[in-house]
Amino acid sequence: MLAVRLAKLKFIAEELVLSRYLATHAPDAFDARTLARHILIRARDFIEHARGLRRPLNQAGFDTSAFHRTKEAYATTFDEYFKIARDRLGAHLQDFDFGKRLELWADIEISKINFFVDGAQEIYEGLAALNVPGYAPYADPHELNNSALKEALLAFQRSKKDISGVELGVDPLAMARDNTSASLNLTPVHSRAGQLALIRRWIGMQEELLERLKSYPRIVCLIKARIVTDIVSFCDCLVTRSVSAGALQEMDGLDRLVAAEGQSAAPITDFVAASHFDAELQMARDIRDKIGAHLEIDESYTLESLISDLNAYDLEKGVAFYKRALAAFIKLCHSVIFLRLYAADGRRIYGVLAGNSNVAPFSGEAPPPARRPLAPPINDEGAYLQNLNRWLDGDEAQREEARQFFWSAFLGSEVIEPIEETEDLGSGSRFWTRQYRKVHAFMASALVMDHLSDADFAGILELILSCRNGDPYPLAELLIRQSEQLSEFRQSLLCYALGEIGSSPHASATAFLEARARTPLWGMRFPATLALFKTFIKSEGLLRINNKGRAPADYDAFVHGLTNSMSEPELLICLLAFASLLSGRQLNTFLKPFENDYKALQRRIEVLCLPYLKDTAAGDKASLINQLIETYDYVGVALMIAVELENDPRALLREGLLNCCCRGEVAAAPHDQANRHLAMCFYLKKELGRALEIARDIADRNPDLLPAQILVAQILGDMPGAEEETKKTIEKIRHSYKLDTANDAALAHVEQEMTRRGAA
């Protein structure tokens, strides 16, 4: 079996060279070290396989004294530099001293890497002198001379060159990256959460590289082995593994560490209980143990069989399994207050200067000194247009850069006009001077550009709203400067934007909204009414909070003035919208000063809903309406009334209720129940694509909730042309989750309906 052992040794030597090639073409030192972890693993494999080769060589009569001395010197050096790093950063991710981990990470650099890559090649080539049967001469992998591969790697390098700014890093190696605001992970539970964030980064980078290099089979095998190994490490850090007491693999997962802190680990434990977690993890672990973190040394496993097993492993399913586990981790982070920061890993931070880490570069070359960034050209109209196009047409990173540019320009570009505003304080007046700047004039003109599509018009409004927390007054002013030139539809969008900005006091903005709140056209009157309500709540709420002795404005009189001309159906829709806004993300800060008004609003809504219910003698539907109101689920209330009005002559109210939910005028509460009801609103309107998008978002965020996964399949099953996707989704659910009789019947019903529709 010498040929089997020699083939594995040659394979390891070649993978070492390929790994170095990938690492030296990585975009930065962190990515280079991430890829070079495979060199640590394969160098250890090389030592074990070389040692395993010596005895059969001796038994066959070969003189292995020189081979033995060389490989043992190689092994001694490996143990000195990389043994611990291989065990705790490569094959696994285990607990370790924070500072020592950074030191070991910095030790993964090109001079040491070259020693172990070139040394393995020399040891293998030294076997040629023995004339061992089955020995194949070493040759550099042909990929090293592939110009297309080199260009793909250069494109991968360039992909990160244009990314600027500072990001939040919560993993234990964040201090080893440039332009990163790092946090410390010094308690067991924080350390484990940080490790999970680190593995998430590793897998994400390797997935991106695999997608770029998927046409190169040997590189695909290499990266695939790394991803599978990291998936297993992620799961072992997330869920406590059942092993013998005192075993080397014994380690508390995040689930146990969170429980030890007196917090609920339900997002993890429920996910494990609902899914085939152990089975899917074991499939990945089998690959990891044979060719990922180790190369199987047993000669009964040929190299060809090991590579075949790796190729046969469905990485797409493996990554899908990992992403469900990741979603459980993120859900847990959101539910435990001291872990929330870990869900934000990688977020961009603005207003902070970039800087270099103190970790030695992978290449051994000193990095260039950090340069202070140039001030943005906030008075340059060419820069305005360039950044507006980046916002409208760019990727996520470009949009963020553009938003930051306009944020700076809105606050600091050249003042072209001061605007005076008077605030009535009851016993007197206060005079304000606001600054209308060059960038405001540019954006006002952009809103009335010829050939501007509705989508781009809405995109510009989105940009303006993303900057509303800076100086809102001139943003509201620029919206109405040339508003008369706009269509009624675009003016209705302006009404929404003015409500979100909430600039007050602002006489011209108030006049614009009040004029449109008096029009007979509901599509204009309703958003203008909502904008006036939002502006009132924000301005009056702030006064009530800051001036407890001040006589408050009359809430009832204000609302009556907005709604007294409405019909009863219009009033129901409007009050649902008011209540959803008061309890929603934007205005709930001001809910306390309006607590009594809000409770009265809830009671009024309940009274208005009751006549539309076809209720039981026990009043079950009335009770459900009350429960929906108590959970701030006004989308659920609207949906329930709309369902009650199916096949009812009052179709306009049904349509109005669904429309106001789908447009966001009745806002969904920030919980999954309300968002599921929102998906059902789109479903009833036959807007299945949007319903599916919402349902998928719920399912992705809640891998522990099987009904959320089934809802996706049910909506897909009703979409013409989506039969194949539906079948794949159902197969994935059955593969990934434990189904009881009811859940299996729900999926079977979807399949039956598709079959019936196909036969019709």
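The values are calculated or read from the model by the stated rules, or taken from the named source; none is laboratory data. What you see is a predicted model; the values in this text were computed from it and never measured. With ideal geometry, Cβ positions are generated from the backbone for all residues, glycine too; neighbour counts draw on all protein chains shown.
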message = If I filter the range 543-569 down to residues being assigned to a helix (DSSP H, G or I) and among the charged types (D, E, K, R), which single residue comes out as nearest to Ser487 (Cα to Cα)?
response = Glu568
task = Go through (1) buried (at least 23 other Cβ atoms within 10 Å of the Cβ); (2) outside any helix (DSSP H, G or I) one by one and return the number of the condition Phe62 breaks.
result = (1)
request  = Could you tell me whether any residue of the range 108-122 is assigned by TED's automatic domain parsing to the domain that holds Leu210, assigned to a helix (DSSP H, G or I), surrounded by fewer than 21 Cβ atoms within 10 Å (Cβ to Cβ) and β-branched (Val, Ile, Thr)?
outcome  = yes
remark   = Scanning the range 259-276 for residues that are in contact with a helix residue (DSSP H, G or I) (Cβ under 7 Å, 6 or more places away or on another chain), of a type in the set (A, V, I, L, M, F, W, C) and either surrounded by fewer than 16 Cβ atoms within 10 Å (Cβ to Cβ) or in a helix (DSSP H, G or I) (or both) gives Ile268, Phe271, Ala274
key: Selection from the range 233-247 of residues that are under 23 Å from the mean Cα position of the chain (by Cα) and not acidic (Asp, Glu)   = Ser233, Phe234, Cys235, Cys237, Leu238, Val239
task = For the range 453-480, name all the residues that are in contact with a strand residue (DSSP E or B) (Cβ under 9 Å, 6 or more places away or on another chain) and charged (D, E, K, R).
result = Asp471, Glu477
request  = Need at least 2 residues that are over 24 Å from the mean Cα position of the chain (by Cα), modelled with pLDDT of 95 or more and closer than 30 Å to Ala531 by Cα per element, so show me which helices (runs of 4 or more DSSP H) inside the range 665-760 make the cut, counting only ones lying wholly within it.
outcome  = 672-684
request  = For Glu655, work out the one condition from (1) surrounded by 21 or more Cβ atoms within 10 Å (Cβ to Cβ); (2) without any contact (Cβ under 8 Å) to a residue 60 or more places away in the chain it doesn't fulfil.
outcome  = (1)
ask   = Taking helices (runs of 4 or more DSSP H) that do not extend beyond the range 576-647, which have at least 1 residues that are within 30 Å of the chain's Cα centre (by Cα) and assigned by TED's automatic domain parsing to the domain that holds Val666?
value = 620-630, 634-644
key: Unique match (being in contact with a His (Cβ under 6 Å, 6 or more places away or on another chain) and either at pLDDT 95 or above or not in a loop (DSSP other than H, G, I, E, B) (or both)) among Arg256, Arg226   = Arg226
key: Within the range 371-412, tally of residues that are in a loop (DSSP other than H, G, I, E, B), within 15 Å of Tyr350 (Cβ to Cβ) and among the charged types (D, E, K, R)   = 0
query = Can you name every residue in the range 265-299 that is touching a Ser or Thr at 6+ places or on another chain (Cβ under 7 Å) and more than 30 Å from Asn311 (Cβ to Cβ)?
reply = Pro267
query = Scanning for something loosely packed, with under 15 Cβ neighbours inside 10 Å, without any contact (Cβ under 8 Å) to a residue 60 or more places away in the chain and not hydroxyl-bearing (Ser, Thr, Tyr), does the range 673-680 turn up at least one residue?
reply = no
task = Report yes if Tyr21 is surrounded by fewer than 23 Cβ atoms within 10 Å (Cβ to Cβ), free of Cβ contacts under 8 Å to residues at least 40 places away in the same chain, aromatic (Phe, Trp, Tyr) and under 30 Å from Pro361 (Cβ atoms), otherwise no.
result = no
ask   = Restricting attention to the range 142-177, and to residues there that are acidic (Asp, Glu) and loosely packed, with under 12 Cβ neighbours inside 10 Å, which single residue is modelled with the lowest pLDDT?
value = Asp162
query = Do we find a residue being in contact (Cβ under 8 Å) with a residue 24 or more places away in the chain and out of contact with any Leu (no Cβ under 9 Å at 6 or more places or on another chain) anywhere in the range 639-649?
reply = no
query = Restricting attention to the range 248-260, does a residue exist that is over 30 Å from Glu304 (Cβ atoms), under 22 Å from the mean Cα position of the chain (by Cα) and not polar (S, T, N, Q)?
reply = yes
message = Here are the criteria: (1) modelled with pLDDT under 80; (2) surrounded by fewer than 17 Cβ atoms within 10 Å (Cβ to Cβ). Tell me which single one Ala360 does not satisfy.
response = (2)
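Conditions tested, residue by residue: (1) touching a residue at least 24 places away in the same chain (Cβ under 8 Å); (2) under 18 Å from Gly561 (Cα atoms).
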{"residue": "Glu462", "(1), (2)": "no, no"}
{"residue": "Asn469", "(1), (2)": "no, no"}
{"residue": "Arg490", "(1), (2)": "yes, no"}
{"residue": "Tyr496", "(1), (2)": "yes, no"}
{"residue": "Ile501", "(1), (2)": "yes, no"}
{"residue": "Ser504", "(1), (2)": "yes, no"}
{"residue": "Ala515", "(1), (2)": "no, yes"}
{"residue": "Pro520", "(1), (2)": "no, yes"}
{"residue": "Arg525", "(1), (2)": "no, yes"}
query = Name the pairs: first residue in the range 52-72 and more than 18 Å from Val4 (Cα to Cα), second residue among the acidic types (Asp, Glu) and surrounded by 11 or more Cβ atoms within 10 Å (Cβ to Cβ), Cβ to Cβ under 8 Å, at least 6 apart or on different chains?
reply = Thr70/Glu122
note = Conditions (1) part of a helix (DSSP H, G or I); (2) modelled with pLDDT of 90 or more -> Asp87 fails only (2)
remark   = Lys290 vs (1) within 27 Å of the chain's Cα centre (by Cα); (2) in a helix (DSSP H, G or I); (3) surrounded by 18 or more Cβ atoms within 10 Å (Cβ to Cβ): all pass except (1)
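Tally time: how many residues in the range 586-612 are more than 22 Å from Leu645 (Cα to Cα), among the polar types (S, T, N, Q) and touching a residue at least 12 places away in the same chain (Cβ under 8 Å)?
Initial filter on the range 586-612 (more than 22 Å from Leu645 (Cα to Cα)): 586-601.
Applying the additional criterion that residues be among the polar types (S, T, N, Q) yields 586, 588-589, 596.
Next cut, touching a residue at least 12 places away in the same chain (Cβ under 8 Å) only: 586, 589.
Total satisfying the criteria: 2.
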task = State the number of residues belonging to the range 198-220 that are crowded, with 19+ Cβ neighbours inside 10 Å, over 26 Å from Asp95 (Cβ atoms) and β-branched (Val, Ile, Thr).
result = 1
query = Could you say whether any residue in the range 181-189 is within 24 Å of Gln398 (Cα to Cα), loosely packed, with under 14 Cβ neighbours inside 10 Å and either modelled with pLDDT under 95 or not assigned by TED's automatic domain parsing to the domain that holds Lys331 (or both)?
reply = no
ask   = Give me the pairs: first residue in the range 572-585 and more than 14 Å from Asn659 (Cβ to Cβ), second residue polar (S, T, N, Q), beta-carbon distance under 7 Å, and six or more apart or on different chains, which are they?
value = Ala579/Gln602
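Restricted to the range 96-119, and to residues that are charged (D, E, K, R) and touching a helix residue (DSSP H, G or I) at 6+ places or on another chain (Cβ under 7 Å), which residue is modelled with the lowest pLDDT? So that I can check it myself, show each step before the final result.
Pass one, the range 96-119, residues charged (D, E, K, R): 97, 100-101, 103, 107, 109, 112, 118.
Restricting the remaining residues to those that are touching a helix residue (DSSP H, G or I) at 6+ places or on another chain (Cβ under 7 Å) gives 107, 112.
Details: Asp107: 89, Lys112: 92.
By that ranking, first place goes to Asp107.
Among the residues that make up the range 215-232, is at least one of them over 18 Å from the mean Cα position of the chain (by Cα), charged (D, E, K, R), assigned by TED's automatic domain parsing to the domain that holds Ala320 and over 16 Å from Leu35 (Cα atoms)? Explain how you work it out, then say what you get.
At the first step, the residues of the range 215-232 found to be over 18 Å from the mean Cα position of the chain (by Cα) are 215-230, 232.
Those still in the list that are charged (D, E, K, R) too: 218, 224, 226, 230.
Those left that are additionally assigned by TED's automatic domain parsing to the domain that holds Ala320: 218, 224, 226, 230.
After this cut, where a residue has to be over 16 Å from Leu35 (Cα atoms) as well, the list is none.
Within the range 215-232, none of the residues are over 18 Å from the mean Cα position of the chain (by Cα), charged (D, E, K, R), assigned by TED's automatic domain parsing to the domain that holds Ala320 and over 16 Å from Leu35 (Cα atoms).
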